[in-house]
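Inspection log for the structure reproduced underneath, given as structure tokens.
None of the figures in this text is laboratory data; all of them are computed from the coordinates on show. Model, not experiment: these values are computed from the prediction. As a convention, Cβ positions derive from the backbone with ideal geometry for all residues, glycine included, and neighbour counts pool all protein chains shown.
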Amino acid sequence: MNDKYVPAEVESAAQAHWQASGATTVTEDASRPKFYACSMLPYPSGKLHMGHVRNYTINDMMARYLRMKGYNVLMPMGWDAFGLPAENAAMANNVPPAAWTRANIADMKAQMQPLGLAFDWSRELATCDASYYKWNQWFFLKMLEKGIAYKKTQIVNWDPVDQTVLANEQVVDGRGWRSGALVEKREIPGYYLAITQYAEELLSGVNDHTVPHYLEGWPERVRLMQEHWIGKSEGVRFAFPHRITGADGQLVQDGKLYVFTTRADTIMGVTFCAVAPEHPLAQLAAATQPQVAAFIEECKKGGTTEAELALKEKAGLPLGLHVQHPITGQDVPVWVGNYVLMGYGDGAVMGVPAHDERDFAFAKKYGIPMLQVVAIDGETFSYDQWQDWYGDKTRGFTVNSDNYSGLPYKAAVDAIAAVLAEKGLGEKKTTWRLRDWGISRQRYWGTPIPIIHCDSCGSVPVPEQDLPVVLPEDLVPDGSGNPLNKCASFLNVACPQCGKPAKRETDTMDTFVDSAWYYMRYACPGSDQAMVDARNEYWMPMDQYIGGIEHAVLHLLYARFWTKAMRDLGLVSFSEPFTKLFTQGMLLNESFYREEVGGKKRWFYPSEVEVQYDERGAPVSATAKADGLPVSLGGIEKMSKSKNNVVEPKDIIAKFGADTARVFTMFAGPPDQSAAWSDSGAEGSYRFLRRLWNSGVKLAPALATAAASFEGASPAAAALRREMHLLLRQITSDFDRLQYNTVISGAMKMLNAIEDAKLAATPADAAVAQEAFGLLLRALYPAAPHITHALWQQLGFVQKHGSEIVGAPWPTVDEAALVQDEIELMLQVAGKLRGSIRVPAGADRTVIEAAALASPEFQRFAEGKSAKKVVIVPGRLVNVVV
């Protein structure tokens, strides 16, 4: 074997061997337990960084370890290939998104392959392939038949630059998340998936451990995020009656302004109602009041999330309209408020400023009266400052509420709900924060929605035999809207029902559709007659899903919904797609920038700056190498191309090898926590692997003389066996707990133990060294597969164990190796540690006392004094009191 560790040679040889032997290709095998471990589908942005390496190495370590444990493991890879970034890049480079996307896929795959990740590439898919998105279209049509998919008109967030609808989450401070343009409110038709039909089941899976599909293998914080997003609320929906008429002389909304509240006990404290800018009453007032119209126009620029609205300053205007209180009959003024969303409930809220923090801020700003209707013993109400107890329904009781005064929360709600029901104005109701999933996107680079619009027949589904509706891949967006609208060969088609000229739907599907089920398609490669087949039932549900916390809500929620819809349409037998979920931490790195004219930041690569450090090693300043001028420290940030603080794996591989890149990213910290990149840490990982190689070279002659058994091994060899098997026990536990950083540290301890052992030059001791090094190689193999593969081959382990390391079983702890003939006890004299003594493992108290009193340490430190008492802590220490 080569005396010097040359990573490039070692790694290219190992990968060629695996490819030739088909080591990573997986098929269904009923004779072994299956395990499906999958990383979330990556977007082909074109460049890998070390954060990607960390994510995929987590999956790879899990897969390799479980294969050694006897599992049939599936670990596939593919590409989330549709989406707006490709369109933006296409416009910037004047190339079709398809060409840009496929070039990026090829580039990223080429960057992945040197890492030795054990993906089954025979199952690779790209969501922009017609063979994949055909089934998006097919299942959409099936959902349309069942009423799960439907078309409606709704107010949406419109990005005038990207010319597309944005989800609330894609609007930041009133602007499009990519274009930065002020977002407008528009009312347009689109297709929706009725995820709300599954709200109760989706919720029970995350917060009810008694149901069969409870997600007990998911992190608690992810379950809480899903629970909040689904947002079940039990309360009362009721109406404020009114006599407000529209231009046609008819009562607006039949003379009833509906609201929903979970705090019906505070109804006697209503001092105003607020409606969304799009509400019919607001629109009615805007027709005659210019200031209201201007306010509504301003609100159109801020289509935002609930979270953003909570932070936004509350603003509104009185509409000059009044509704009647449903119990007292008193007039209640109606306002339009920027914090009321038309898409939630009925687009209106009752204003109870004394007991709702949002209403409190609004009322204080505009001088709207407040009325306390809930009290808590010992608490004093103030109209100047909000107190948390104002909204406390667990301890409060009603006051200033006529016949309802003195009631606790539940009794008050029941009583008020009953009287509202008697009046025909309300009833108890359960509402959901969750809204149906709008999948229509006014974009080109996505799955075409399989609908044809005919002037005679209306919206006609594309016949199943005509699927897929293939997206033309040669179009180049120019920023003037969806290029499909100008593509005659795509747009113009005959109606499937009447044969008359018609036009295709040019909206494409939200890319969350692509990622809702791709993991099932991995299980069924080559299936061209069905969306999924019997192989899906073998592999699913997925045993371990791995991905970032940023996908904890929408992607996972949509995937869960999609699975349940497939179940109800008879395609799968399971209800939840992911048994366990692991959310990995991010890899961080220093960032550097310089502010340019206009406040825009120019970010520098770490290699472009010279950093000055203080005596503790913390960065204090930096200058650009190019001009010597200062740059600002941006702090430790997530590795991101937008901030140029990425470290590319190709650079690390070229310098140290792929195994170093893998080992460092695992050793940097617990996989579920963020960890900082460190050049010195990478160098340390390389030194460890080089030591491993050198130790193998040094041991090679002795290993060739190893006996067939350990009989006659020296005490030093027995001690090494014990240490190695204790470490193996801990490493096995760490693998099972996904604590891969301590797996690496355990392997380092194994190497230290081997190097420190004072073994005799005998065949028996050589056998112990052979076992120890074999344990080390197998413990380290999932993290550093190339170097361990080479050493396994070159040190004779293939012949000894009958297989390459990729097929070697996980070693078991030899309990006999843990049995000690002697044990070491720490020795204290007069309470101070003075040394140690060795005694037989089963020694009784008399033998231990005698050994302690006869030791040189006692003779020296007792200073001639007699022992008054000997205290023994079994297995640990002896203290001689003098």
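Rounded to whole numbers, the Karplus 3J(HN,Hα) couplings from phi for region 485-491 are 5, 10, 9, 4, 5, 8, 5 Hz, using 6.51 cos²θ - 1.76 cosθ + 1.60 with θ = phi - 60°, and x at Gly and Pro.
Kirkwood hydrodynamic radius of region 588-638, from the reciprocal of the average inverse Cα-Cα distance over all distinct pairs: 11.3 Å. Put simply, the amide H of residue 714, placed in the peptide plane, has neighbours under 5 Å in 760, 765, leaving out anything fewer than 5 places away on its chain. In this structure, residue 700 and residue 21 have a Cβ-Cβ separation that, at R0 = 35 Å, corresponds to a calculated FRET efficiency of about 0.90. The gain in end-to-end length when the residue 200 to residue 173 segment is fully stretched comes to 6.5 nm, 0.36 nm per residue minus the alpha carbon separation. Only lysines eight or more places from residue 758 in sequence, or on another chain, were considered; those with a Cα closer than 17 Å are 698, 749. Between 95, 213, 166, the Cα set farthest toward the positive side of the dipole of region 83-220 (charges on each charged residue's Cβ, about the Cα centre) is that of 95. A straight Cα-to-Cα reach below 20 Å connects residue 868 with the aspartates and glutamates 844, 849, 857, residues fewer than 8 places away in its own chain not being considered.
Listed values for region 236-249 are Karplus-derived 3J(HN,Hα) couplings in whole Hz (6.51 cos²θ - 1.76 cosθ + 1.60, θ = phi - 60°), namely 10, 9, 8, 10, 9, x, 7, 10, 7, 10, x, 4, 8, x, and x replaces Gly and Pro. Taking a straight Cα-Cα cut-off under 16 Å and skipping sequence neighbours fewer than 8 places away in the same chain, the aspartates and glutamates within cross-link reach of residue 151 are 187, 436, 505, 507, 510. For region 663-818, the relative contact order works out to 31 percent when only alpha carbon pairs closer than 8 Å and six or more residues apart are counted. Against the empirical curve 2.2 N^0.38 Å, the C-alpha radius of gyration of region 392-446 lands at a ratio of 1.98. For the chain, averaging the sequence separation of C-alpha pairs within contact (under 8 Å, six or more residues apart) and dividing by the residue count gives a relative contact order of 13 percent. Placing one equal scatterer on every Cα of the chain and applying the Debye formula, the log10 ratio I(q)/I(0) at q = 0.08, 0.09 Å⁻¹ is -0.93, -1.08. A Cβ-based charge dipole, computed about the Cα centre of the chain with Lys and Arg at +1 and Asp and Glu at -1, lands at about 1020 debye.
Over the chain, DSSP H runs of length four or greater, each weighted -39,500 (n - 2.57), average out per residue to a 222 nm ellipticity of -11000 deg cm²/dmol.
Net charge dipole, region 822-881: roughly 260 debye, given to the nearest 20, about the Cα centre with Cβ charges of +1 for Lys and Arg and -1 for Asp and Glu. Taking θ as phi - 60° and the Karplus parameters 6.51, -1.76 and 1.60, the scalar couplings of region 271-288 work out to 10, 6, 10, 10, 10, 6, x, 8, 5, x, 5, 5, 5, 4, 5, 5, 5, 10 Hz in sequence order, x denoting glycine and proline. Size of region 232-431: Rg and Dmax of its alpha carbons, in Å, are 16.5, 54. Exceedance of the 25 Å cut-off in Cα-Cα distance is limited, within the set 232/428; 601/655; 47/185, to 601/655; 47/185. Taking Cα centre as origin and charging only the Cβ of basic (Lys, Arg, +1) and acidic (Asp, Glu, -1) residues, the dipole magnitude of region 663-818 rounds to 220 debye. Cβ-Cβ distance of residue 488 and residue 465, R₀ of 22 Å, FRET efficiency by 1/(1 + (r/R0)^6): the value works out to about 0.40. Taking 0.36 nm per residue of sequence separation and removing the Cα-Cα distance, the residue 863/residue 106 pair yields an extension gain of 264.7 nm.
Cα centroids of region 397-422 and region 45-115: 59 Å apart. So if R0 is 35 Å, what FRET efficiency would residue 814 and residue 683 give, r being the distance between their Cβ atoms, rounded to the nearest 0.05? With R0 = 35 Å, the Cβ-Cβ based efficiency is 0.50.
Averaging the Cα positions of each part gives two centres, and for region 730-795 and region 258-286 these lie 69 Å apart. With the highest mean first, a sort of the peptides 782-792, 246-256 on other beta-carbon atoms found within 10 angstrom per residue produces 782-792, 246-256.
In plain terms, the chain from residue 248 to residue 674 could stretch by 147.2 nm, reckoned as 0.36 nm per residue minus the Cα-Cα distance. Its residues counted as N, region 663-818 yields a C-alpha radius of gyration over 2.2 N^0.38 Å of 1.03. Amide H contacts for residue 433 (H built 1.01 Å from N in the peptide plane; partners 5 or more residues away or on another chain; cut-off under 5 Å): 231, 232, 233.
For region 360-426, the set of trypsin sites (Lys or Arg not before Pro) satisfying both a DSSP loop assignment and a count of at most 15 other C-beta atoms within 10 Å is given as 395, 423.
Under 5 Å from the amide H of residue 315 lie the amide H atoms of 338, 339, each residue being 5 or more positions distant or on a separate chain, with H modelled from the backbone and absent for Pro and chain starts. One quarter of the convex hull surface built on the alpha carbon atoms of region 627-747 amounts to 11.6 nm², the projected area averaged over directions.
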